[in-house]
Structure formats: C-alpha cells, structure tokens
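Worksheet for the structure shown next.
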Amino acid sequence: MKYFWRILGFIFGASAYALPAHNLLIQKLQSIHTLDAQFHQSVSMNGRLSHQSLGHFSLKKPDLLYWDIQKPHTQLLIADGHYVWVYEPQ
C-alpha cells in the first residue's frame, strides 16, 4: 500500500509541474493569429523511410487553412471553417 501512495504522489506532483508549462503554451498560442511556413515531412515505418513530402501551409485564426503539398504529388487542401476542399490535379 505504501507504494500506491508513492506512485500517486509522483503522478500528482508531476502534473502540478506540467500545469504552469501548459498554461504558458496556451497563452503563447492565443497570441498567434497567423502562421505561414514551408514544411518537409518524413514518415518512417519499421525504421525505414517510407514517404517524404514538401510543401507550404498558411493558417489564419479562427478557421482558415491553406495546405499545399508540392512533392511528390501535388495536392491542395483549403478549409474555411465550414467546408474543406481538396484538389488533386491529374
């Protein structure tokens, strides 16, 4: 039973330290209204590279998203908070 209380104390103690960091992250994210970046994404399965993609995205709060994958296949995703459009040219 004494181990139970030690584990419980550790869990609650760790979550108490995480709470200020969580609040700080929320505050920082609330101050961001637009975001624009280039990206390079790599996906690995079983330690082997299985997929890579390159592109650009833009985000504007509260609900606008533009996601443009340029390589290996062109794909454009646009969202306006109500609808999502996906365009894949032939």
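We did not get these values from a lab; they are worked out from the coordinates using the rules stated. All figures in this text were calculated on a predicted structure; none of them were measured in a lab. A quick note on method: Cβ atoms are made from the backbone with ideal geometry, for glycine too, and the neighbour counts reach across all protein chains shown.
Label sites at Leu65 and Leu77, each approximated as a point 7 angstrom past Cα along Cα to Cβ, lie 0.6 nm apart. With each pseudo-label sitting 7 Å past Cα toward Cβ, what's the Ser42-Val84 distance in nm, one decimal? Distance between the two pseudo-spin positions: 2.7 nm. A simple spin-label model places pseudo-atoms 7 Å from Cα toward Cβ; at Gln27 and His51 they are separated by 3.8 nm.
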